[in-house]
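Trainee: Below you will find the structure I want to go over with you.
The values are calculated or read from the model by the stated rules, or taken from the named source; none is laboratory data. What you see is a predicted model, and the numbers here were worked out from it, not measured in a lab. All Cβ positions, glycine included, derive from the backbone under ideal geometry; neighbour counts span all protein chains shown. Accessible surface areas use protein heavy atoms only, side chains included; no ligands, DNA or RNA. Shrake-Rupley method; radii C 1.70, N 1.55, O 1.52, S 1.80 Å.
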Amino acid sequence: MNNGDKRPLLSLRNITKIYPGGVVANKDVSLDIYPGEVLALLGENGAGKTTLVSIAAGLIKPTEGQILVRGEPVIFNSPRDAMRKGIALVPQNPMLIDNFTVLENLVLVSRLAGKRHGIRLVRKQLEDLEKKYGLSINPSAYVWSLSFGERQKVEILKALLIDASIVLLDEPTTHLSPIEVDKLLSLTRQLADEGRGVVFITHRLSEALRVAERIAVMRRGRLVAIVSRKDAHVDQLLSYMFGEERIKRLTEIVKRRRSLPRGVRKDIVLRVNDLWVRGPHGGFSVRGASLELRSAEVLGVAGIAGNGQREFFEALIGIRKPSRGMISICGTDVTFRDSSARGRLGVGIIPEDRLGWALVPGKSLVFNTVLGLYSSPKAPIRFSIVDWRAARKMAENIIRSLEVKAPGPDANAESLSGGNMQRFIVGRELYKLPCLLLAMNPTSGLDVEAAERIRDLLLEEAARGAGILLISEDLDELVEVSDRIVVMSRGRIVYEAHRPFNIDKIAEAMTVS
Amino acid sequence: MNTRLRGVIYGAIGLVLGLLFSVLVSLILGSFTGLGALGFSKIFLSSLLSKDTWTSALPYFVPIAASASGLALAYRAGFITIGAEGQVMLGAVAAYWLLYYVIGHGSVAAVTAAILFAGLVGALYGGLVGGLRVGLGVNEILSSLMLNYIAIGIVNYLVAGPWQQGGYTRTAPLPPSMSIGLSAAVLIVVIAGLLLELFIVFTKYGVAIDSVRLARKAAQTYGIGIASTILIVALIQGFVAGIGGGALLLQLLRQLRSVGLGGWGYGYMGILAAWLGGLRPLGALAASLLIAILYSMRSTLQLYGVSDSFVLALEAIIVLSVLAFTTLSMRRGER
Amino acid sequence: MVNVAALLSQALPYATVYALAAQGELFLERAGLFNLGLEGMIYLSAGVTAIISLYTGSPVYGLLAGIVSSIVLALLYGFFVITLGADQAVTGLSIVFLGIGLGDVVGRATGGAVTPSIGILANDLIVVLALLVLPIVLYFMLFRSWLGYVVRSLGENVATARALGVPVTLTRIAALIINGALVGLAGSYLFFTGPLGSRWVSMSLLGWGWMSLGIVILGYWHPVGVVAASYLVGLLYAMRPLLETVGIPSSIADVTPYLVVIIALAVISALYEKMNVKPPTAIWSR
């Protein structure tokens, strides 16, 4: 497409964003978005893509730089200002009020965007949009009852409802099934064809090549290249994304991993039999899941977000009571026992959220070491008395052996970067010498190198003899590290795959219910 | 920087600034009392520095500090009970009942038993609040408050009914043999506060308590029982407050009288002291002394026409000022 | 025989005080803040009403001044919680002490004189406002209008609301002013028609704010529920003399409302959840 005769809808000029604490998220980024085009913003996690669109959507303020809408300089003090200029962000994790209905959410947003729409009018418009785009949704459904894909639909409806001329889609495909991805890509196309400017953020090359006219690549906060699709080459895009040296390093990591010794599989360390678990809003989220895991084995659990993985994980670690079924760990029935029973058996737990679930914010790494080991036999606790000196030594050991970048064991857990936090957490769990390690999305939000470090650590632990259950939304990750993969859909284990994996079959199983 | 050290340093800076600020505010308010700012500050100072104020403060220190040090523990766990008031009262009732109606004579053993029994009843009352919260999800602020009013009702029922002695609504005074000295009462409370501090710093329950408040899910995941932690905290808090009530009866009150809706107020002052002391039992002891001194100043100030409610407002201003400056300096510390 | 009609109407003044204060608090809690300081705000408002009515000779000025004083305390609370980011519980509790202390200082300055009181018409007006108009207005405002969605979004998930562009601080300040005004009105009304009957007696207006906080939960953060709970508790108060006539000691009769509330708190939430009435997530989740 020739953009020469068109004025850009949105122009970002020399945008720099430095977070308090000195992290440079964007450095001197300039970008134009034209009407009728899809621009893919490509880059790995932590490259600064989300920061950039958040600035464009008024969620955060740039440290330096200018935003122009249709050539006119604007200053956004709030997302409302951006919405009123016709800019809508579809965030990676939908920003909806759970206890509101779909309609209530939409009315709220359209009012904030300055539209004088009443409740009745919004309901009417929804019907029109359903006809035009095929986005059907029950307006009186509560958001908490919706699947991830449906919530994303609501987000897109928001953008359409406020008649946005610029739509920013932040990693919209992360939690979608392949069929849903196809639908989303054609919808994206439709939005652009109607004259909107669409920014499509992704870290997946294939999607960028499928949907976009132009591909902008970001690396470490900078915009490194903008290429049009017809001139784009995969190798070249990869080197833009990671840099030559990094690609070399990553290939070596993977090569080294392939040569890692594998442990000998022996006893069953985890057995789950016909497990039923209720979700936070009543109905069953896990419906009769069964699986077995042996020592020194890595078992991946694949599935699209919201298919019961979280409840399954919570039941396994003992913080959500199953309704029926059986969980046995290292030969002990722990179905209806709490997490301390797991702790005593030496189960390592790596939860999905680092702060608040794995670590206590505002407390030191020493404190967090004691917390993690609280019910483990390896805890620096004797007769209920905490041996703080021993705990300190443990924290120091973890920091040293896993190369955690932290000022010291007394540093506030909150002050660490995501990758360092996760290494500390993994190191702490390995201190238990676990017979079983339960991990959920352990690399989410980490940049590629930090993620690879975590995967290496998991594999080394499996080689030592621990059984590892890895629940992950990242199918590539599962294929990379698992010995076996089961697929969870609608709370059931619907498919089991062995090496070498047939990825198409797994992806298909993820979407069939 | 070291998180623990930083917290203490910034907390201390906030405390000093807050106290200075509250002196300023109270001077301004004092200028409206009819004495003028200068007159008020003179009287305030002379009353503050008089020996009488300090010695008469110590009896109040006993129930306030007992409430405050236990509440510090509860608030650390995010268990916002305000039930110390009722527990102090029922502690006093329990001590009176055991000593006067059951044992009937005074001795070291009898007095010890009475105080321990007071603690036990306080613990039960606290445990009731904790149990309602853990078992039925009842908001502890409200249930503890309702229980405070019920405690007032119990005292008023007893002194106007089965335990009434003479024409007034009050019980017979305890004979002198059934008493403890001021120093003993203070010592009991200080030791209790010290034990609580050690409990927080050195036992695993300290880790549990902080984790439950700051990251409930993390606590749950790594084997800390939320319900049991809250119950333990509720029981301990009630126990210490109950002991304070027992010691108060045996040392100062000596008899029970009918109570107004405001209650005795010691448990409520303990709430302020607990926050003022930075949610640490030792800090709460120090803050309780400050609050007890202010409380005992009210009689001196009353002679000059400053009403005792003014002292209450003053206490609130001190807490608010300290709260403002500690919050501000802590926030600066995070940057 | 018990005169049921008299009993039902005797409950009205109590219910009015509770309904005003509890609906003020309900509104604020729907906006995601909980102000424990109601007790102090009611007390201060009553004291200020007393002295201003006495000095100006006009109960209306007294009433307005009481409302203003309560708004000031609510905004002080807002300053601490919103501007400084201080803990809500400790700020609210301090407000209790501050309000009682200051309220008693100014109230005592009346020397216990009887002040001019509001007339029967104004009295009835406030009763109707508190028990009929306000719950309907609040219900439609909170649950059937977009403004209510703005307010309630703060009580559900303030981070998301902020990201959506809801003016968080502005909305909360508005909620605080409404909270202060309604609670202040409760305090003024209490002074004129409560047990004192337009005469200040120290420390006799205690417990109203605390009970109102409980009523917000009893009514499960719903205007209609809150008014029903207010009337129920008001009825319990009005029944105290009745209990005494059947031989229950007055000290026990006095505590029946508290006893009933604590039992109700324990059993009621399941009932409401069945009716799909939900508390604001930020304030309370089961």
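Trainee: Just give me the residues in the range A:358-374 being surrounded by 22 or more Cβ atoms within 10 Å (Cβ to Cβ), in a loop (DSSP other than H, G, I, E, B) and facing chain B (nearest Cβ under 7 Å), in sequence order.
Mentor: Once the filter is applied, which keeps residues that are surrounded by 22 or more Cβ atoms within 10 Å (Cβ to Cβ), in a loop (DSSP other than H, G, I, E, B) and facing chain B (nearest Cβ under 7 Å), the range A:358-374 yields A:358, A:360, A:363, A:374.
Trainee: So which pairs qualify, if the first residue must be in the range C:248-266 and within 7 Å of chain B (Cβ to nearest Cβ) and over 16 Å from residue C:233 (Cα atoms), the second must be open to solvent by 60 Å² or more (accessible area, probe 1.4 Å) and among the aromatic types (Phe, Trp, Tyr), the Cβ gap must be under 9 Å, and the two must be at least 6 apart or on different chains?
Mentor: These pairs meet every condition: C:249/B:157; C:251/B:157.
Trainee: If a residue must be under 17 Å from residue A:400 (Cα atoms) and of a type outside the set (D, E, K, R), how many such residues does the range A:419-447 contain?
Mentor: The total comes to 10.
Trainee: Mind checking which strands (runs of 3 or more DSSP E) fall wholly inside the range A:162-229 and carry at least 3 residues that are under 21 Å from residue A:79 (Cα atoms)?
Mentor: It comes to A:166-169, A:197-202.
Conditions (1) farther than 17 Å from residue C:199 by Cβ; (2) part of a loop (DSSP other than H, G, I, E, B), marked per residue:
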| site | (1), (2) |
| --- | --- |
| C:21 | yes, no |
| C:28 | yes, no |
| C:35 | yes, yes |
| C:39 | yes, no |
| C:44 | yes, no |
| C:55 | no, no |
| C:62 | no, no |
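Residue-by-condition table, conditions (1) surrounded by 22 or more Cβ atoms within 10 Å (Cβ to Cβ); (2) under 27 Å from the mean Cα position of the chain (by Cα):
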residue	(1), (2)
A:89	yes, yes
A:93	no, yes
A:101	no, yes
A:106	yes, yes
A:112	yes, no
A:115	no, no
A:127	no, no
A:130	no, no
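Trainee: Suppose we filter A:408, A:419 for residues that are in a loop (DSSP other than H, G, I, E, B) and out of contact with any Pro (no Cβ under 7 Å at 6 or more places or on another chain); which single one remains?
Mentor: A:408
Trainee: Among the residues of the range C:49-62, are any within 30 Å of residue B:274 (Cβ to Cβ) and either open to solvent by less than 10 Å² (accessible area, probe 1.4 Å) or modelled with pLDDT of 90 or more (or both)?
Mentor: No: zero hits.
Residue-by-condition table, conditions (1) modelled with pLDDT under 70; (2) open to solvent by 80 Å² or more (accessible area, probe 1.4 Å):
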| residue | (1), (2) |
| --- | --- |
| B:3 | yes, no |
| B:9 | no, no |
| B:18 | no, no |
| B:32 | yes, yes |
| B:45 | no, yes |
| B:63 | no, no |
| B:66 | no, no |
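Trainee: Same structure, new question: Please tell me if residue C:117 is of a type in the set (S, T, N, Q), in contact with a helix residue (DSSP H, G or I) (Cβ under 7 Å, 6 or more places away or on another chain) and assigned to a helix (DSSP H, G or I).
Mentor: No.
Trainee: Conditions first: (1) open to solvent by less than 60 Å² (accessible area, probe 1.4 Å); (2) at pLDDT 90 or above; (3) among the polar types (S, T, N, Q). Residue C:117 passes all but one, so which condition is the exception?
Mentor: Going through the list (1) open to solvent by less than 60 Å² (accessible area, probe 1.4 Å); (2) at pLDDT 90 or above; (3) among the polar types (S, T, N, Q), residue C:117 breaks only (2).
Trainee: Do we find that residue C:266 is open to solvent by 10 Å² or more (accessible area, probe 1.4 Å), part of a loop (DSSP other than H, G, I, E, B), more than 30 Å from residue B:309 (Cβ to Cβ) and touching a Leu at 6+ places or on another chain (Cβ under 8 Å) in this structure?
Mentor: No, not satisfied.
For (1) over 18 Å from the mean Cα position of the chain (by Cα); (2) more than 14 Å from every other protein chain (Cβ to nearest Cβ), each residue gets a yes or a no:
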residue: B:244; (1), (2): no, yes
residue: B:247; (1), (2): no, yes
residue: B:255; (1), (2): yes, yes
residue: B:263; (1), (2): no, no
residue: B:270; (1), (2): no, no
residue: B:296; (1), (2): no, yes
residue: B:300; (1), (2): yes, yes
residue: B:308; (1), (2): yes, no
residue: B:315; (1), (2): no, no
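Trainee: For residues in the range A:58-81 being away from every other protein chain (no Cβ under 14 Å) and part of a loop (DSSP other than H, G, I, E, B), which is most open to solvent (accessible area, probe 1.4 Å)?
Mentor: A:75
Trainee: If you don't mind, there's one more thing I want to ask. From the list C:173, C:215, C:177, which one is assigned to a helix (DSSP H, G or I), in contact (Cβ under 8 Å) with a residue 24 or more places away in the chain and within 14 Å of chain B (Cβ to nearest Cβ)?
Mentor: Step by step, each of C:173, C:215, C:177 is checked, and only C:215 is assigned to a helix (DSSP H, G or I), in contact (Cβ under 8 Å) with a residue 24 or more places away in the chain and within 14 Å of chain B (Cβ to nearest Cβ).
Trainee: Could you please find all residues in the range A:378-414 being among the hydroxyl-bearing types (Ser, Thr, Tyr) and under 21 Å from residue A:453 (Cβ atoms)?
Mentor: The answer is A:401, and nothing else.
Trainee: Does residue A:354 qualify as being more than 19 Å from residue A:458 (Cβ to Cβ) and open to solvent by 30 Å² or more (accessible area, probe 1.4 Å)?
Mentor: Criteria not met by residue A:354.
Trainee: So, residue A:463, is that one closer than 27 Å to residue A:292 by Cβ and in a helix (DSSP H, G or I) or not?
Mentor: In short, yes.
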